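What follows draws every value from the coordinates through simple rules; no lab data is involved. For clarity, every value in this text was computed on a predicted model and none was experimentally measured.
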Amino acid sequence: MAFEDIEAEIGLLLTRMQNEPADRHELYLVIRQRLSELRAYGMPLPADLVRLEQGLEAEFAADRQPPANPED
């Protein structure tokens, strides 16, 4: 592989790393934004992304719930 090819590959990897969500909340926000854009244009929504958005939303809602009181 030529040096220029390796350099280009490293550049692509660094760009991907910068654009990748850092955590689940960031991923959720990115998915939600993309789905909102598709909705705004009246385009069909990818079912797998809708399921992922719903799953993450449910996970975050469960995290917000206070822990059950074992003394009750």
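Average projection, convex hull of the Cα set of the range 18-63: 3.5 square nanometres.
Along the range 24-34 the Karplus relation, 6.51 cos²θ - 1.76 cosθ + 1.60 evaluated at θ = phi - 60°, assigns HN-Hα couplings of 5, 5, 5, 4, 4, 5, 5, 4, 4, 5, 5 Hz to successive residues, with x for each Gly and Pro.
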